[in-house]
Amino acid sequence: MSNRTASVPRSADEIARSIEADLRSGARQPGDRLDPVRRAAERLGVAPGTVAAAYQELARRGTVVGQGRAGTFIAARPPVGAHGQVALPAGVVDLRSGNPDASFLPEMPRPPGDPVRYGTASVLPELAVAGRRWLEANGVDATHLAVVHGAMDGVERVLQAHLRPGDAIAVEDPGYPNVVDLARALGLAPVAVSLDGAGMEVAALAAVLRQVRAVVLTPRAQNPTGAAFTEARARLLREVLDRRPEVLVVEDDHNGDVAGVPLRSVAVGRERWAVVHSMAKTLGPDWRLALVAGDTATVDRVHSRLRLGSGWVSYELQRPVAAALADRRVRAQVRRAATAYGERRRALVEALRRRGIRAHGTSGFNVWVPVTDEAVVVAGLLSAGWGVQGGTRFRHHAPPGVRVSVSLLDPVDVERFAGAFADVVAGGEAGA
Ligand SMILES: Cc1ncc(COP(=O)(O)O)c(C=O)c1O
């Protein structure tokens with residue numbers, strides 16, 4: 001195996017990535033035979049087991065196929081890079097695509113214009129432009145961009161691009177339980193890392209960094225605590241993460257601009273990184289669309305895998321999202337929403353503080369209130385007519401608390417709610 005990338009690959013993952021890079025650049029082609037393990041190992045100065053592990057990983061992804069004694073070959077259609085069809089000369093009737101005849105398609109509610117067919121770009125060009133503009137304005141390098149079906153879909157695809165069953169990943173404690181459930185469903189081992197109002201705690205992350213292959217973080221609008229990275233915390237987290245450049249860092253920007261604070265990424269520019277930016281909270285949860293920005297290999301793996309399964313995110317979704325991102329009135333509405341959510345958050349934290357109750361929440365929809373007994377508070381508030389979320393589902397080792405989503409709390413109700421909370425704490429909970 002020749003060294004066609006800038007630096008000599010040393011680990012199995014680097015070897016696999018350099019072969020993928022060769023495929024993208026055209027330096028390797030489908031059907032090419034890889035160097036036998038021993039020869040490649042000698043050339044690279046690594047153990048044969050390292051090369052064998054790289055080939056196994058590529059085989060698992062469908063990029064190479066082993067053919068016994070004949071060796072290991074690049075697959076006929078490896079899931080790497082773009083797979084566009086060769087353009088036909090003018091005048092040639094194209095009977096290759098398997099597209100339906102547009103004149104036989106029923107009238108569906110859709111914008112006028114040609115229906116989208118197989119073979120179109122997986123990212124609508126207008127969304128690529130608008131998405132890149134948004135991401136880059138938020139300090140996220142969006143050279144490589146994929147469009148997926150929501151934040152969690154993006155997190156799943158990015159994890160699958162790099163991790164294998166048995167790998168450990170660092171998750172926030174308390175944190176969004178679906179991330180933990182997803183990790184377990186992928187056969188990964190979640191490792192809880194404590195967090196405060198500024199995000200993951202630096203020492204706690206440093207303590208587990210040796211044992212994990214990935215970290216999933218929420219840079220703002222953390223669920224359930226409303227935490228957001230401060231500039232200082234982001235810097236310290238970057239410093240700690242820099243000690244392990246090979247660790248994948250995934251940021252879940254599920255709240256987007258309605259979080260009310262800037263996105264301060266600690267992932268951008270790493271060897272393996274992704275920022276997943278969802279539309280669910282700015283445009284509404286049924287807009288199953290998120291942008292994924294990341295390094296070349298990560299985004300390419302996400303793209304290539306998407307192509308084999310769901311194909312792409314429907315242009316019926318991509319078009320209006322692209323228009324919304326580019327629309328000043330939509331952006332103004334998002335700013336108004338962020339302001340209103342922020343007012344609700346601050347009003348609640350302040351109303352509780354006046355009653356002697358400490359609550360947290362500097363961004364997004366959630367306020368987290370530490371309590372002694374979650375069940376008593378949840379039940380007490382329920383009987384007073386308020387539903388709040390007990391913290392058990394969100395916690396590993398973190399102390400108890402309840403989550404109040406202020407996104408649906410009418411400002412006129414804040415004082416009444418805080419009063420009910422104080423009554424429950426003073427009555428049932430104090431005695432619990
Ligand atoms: C931290 C976090 N990530 C992701 C999501 C879901 O985002 P999406 O609907 O885009 O998958 C949520 C939903 O509340 C969330 O709290």
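The values are calculated or read from the model by the stated rules, or taken from the named source; none is laboratory data. Not measured: the values here are computed from a predicted model. Cβ: placed from backbone, ideal geometry, glycine included. Neighbour counts: every protein chain shown. These accessible areas exclude ligands, DNA and RNA; they are computed on the full protein's heavy atoms, side chains included. Shrake-Rupley method; radii C 1.70, N 1.55, O 1.52, S 1.80 Å.
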Task: Label-point separation, Arg117 to Arg24 (7 Å along Cα→Cβ), nm - done: 2.9 nm
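Can you give the calculated 222 nm mean residue ellipticity of the chain, where each DSSP H run of n ≥ 4 adds -39,500 (n - 2.57) and the sum is split over every residue, rounded to the nearest 500 deg cm²/dmol? Write down the numbers at each step before the final one.
Details: 13 runs with 161 residues, N = 432.
After summing the helix terms and dividing by the residues of the chain, the value is -11500 deg cm²/dmol.
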TODO: Multiply the residue separation of Asp327 and Asp196 by 0.36 nm, subtract the distance between their alpha-carbon atoms, and state the gained length in nm to one decimal.
DONE: 43.6 nm
Open item on the list: Treating only the Cα positions of region 1-64 as identical point scatterers, give the base-10 log of I(q)/I(0) from the Debye formula at each q in 0.12, 0.21, 0.22 Å⁻¹.
Closed with: -0.24, -0.77, -0.86
Task: Cut-off 14 Å (backbone N to label point 7 Å along Cα→Cβ of Ser7), residues of region 242-259 - done: 242-247
Task: Mean separation of Cα contacts under 8 Å, 6 or more apart, over the residue count of the chain: relative contact order % - done: 14 percent
Open item on the list: Keeping all protein chains in the complex and leaving out DNA, RNA and ligands, what accessible area do you get for Thr282 with a 1.4 Å probe, in Å² to the nearest 10?
Closed with: 40 Å²
Task: Spatial extent of region 304-385: Rg and Dmax, with the Cα atoms as the point set, Å - done: 20.3, 56
TODO: Report in % the part of the accessible area of region 195-284 that belongs to carbon and sulfur, leaving out ligands and nucleic acids; probe 1.4 Å.
DONE: 50 percent
Open item on the list: Report for the chain the percent antiparallel among DSSP-assigned beta bridges with both residues inside it, nearest 5.
Closed with: 60 percent
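Kirkwood Rh, region 152-250, all Cα pairs: how many Å? The partial results should precede the final answer.
Numbers: mean 1/r = 0.0750 Å⁻¹.
One over the average 1/r among Cα pairs gives 13.3 Å for region 152-250.
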Open item on the list: Please check: in the Gaussian network model of the chain (C-alpha springs, under 10 Å), which one of Leu182, Leu408, Leu236 has the largest mean-square fluctuation.
Closed with: Leu408
- [ ] Could you pull out which residues in region 316-359 have an amide N less than 18 Å from a spot 7 Å beyond the Cα of Thr372, following the Cα-Cβ vector?
- [x] 355-359
TODO: Just need the Rg to Rh number for region 187-330, please, alpha carbons only, Kirkwood Rh.
DONE: 0.98
TODO: Please work out the Cα center distance from region 338-368 to region 38-76, rounded to the nearest Å.
DONE: 55 Å
Open item on the list: From the protein chains alone at 1.4 Å, what is the descending order of accessible area for Tyr341, Tyr315, Tyr176, largest first?
Closed with: Tyr176, Tyr341, Tyr315
Open item on the list: Compute a Gaussian network model of the chain, connecting alpha carbons closer than 10 Å, and tell me which residue from Ala379, Ala27, Ala297 fluctuates the most.
Closed with: Ala27
Task: Solvent exposure, largest accessible area first (probe 1.4 Å, DNA, RNA and ligands not counted), of Leu308, Leu195 - done: Leu308, Leu195
TODO: Please give, to one decimal in nm, the separation of the simple spin-label points placed at Ala203 and Phe104, each 7 Å out from Cα toward the Cβ.
DONE: 6.9 nm
Task: Value of relative contact order over region 142-243, rounded to a whole percent, pairs C-alpha under 8 Å and six or more apart - done: 26 percent
Task: Sorted largest first, extent of the chain alpha carbons per principal axis (Å) - done: 76, 58, 33
TODO: Work out Dmax and Rg for region 266-413 from the C-alpha atoms and quote the Rg first, both in angstrom.
DONE: 19.6, 56
Task: Shape call, region 196-267: gyration tensor on alpha carbons, a/c limit 1.5 - done: prolate
TODO: May I ask for the equivalent-ellipsoid semi-axes of region 261-345, computed as the square root of five times each C-alpha gyration tensor eigenvalue and listed largest first in whole Å?
DONE: 26, 19, 10
Open item on the list: In Å and on Cα atoms, what radius of gyration and Dmax does region 53-103 show?
Closed with: 17.1, 52
Task: Among Ala52, Ala189, Ala337, residue whose mean-square fluctuation peaks in a GNM of the chain (springs only between Cα atoms under 10 Å) - done: Ala52
Open item on the list: Before I look further, what does the chain give for accessible area per residue, probe 1.4 Å, in whole square angstrom?
Closed with: 47 Å²
TODO: Between beta-carbons, use under 12 Å as the cut-off and find the net charge around Gly81, counting Lys and Arg +1, Asp and Glu -1.
DONE: +2
Open item on the list: Please compute the length gained on full extension between Glu231 and Arg60, using 0.36 nm multiplied by the number of residues separating them and subtracting their Cα-Cα distance.
Closed with: 57.6 nm
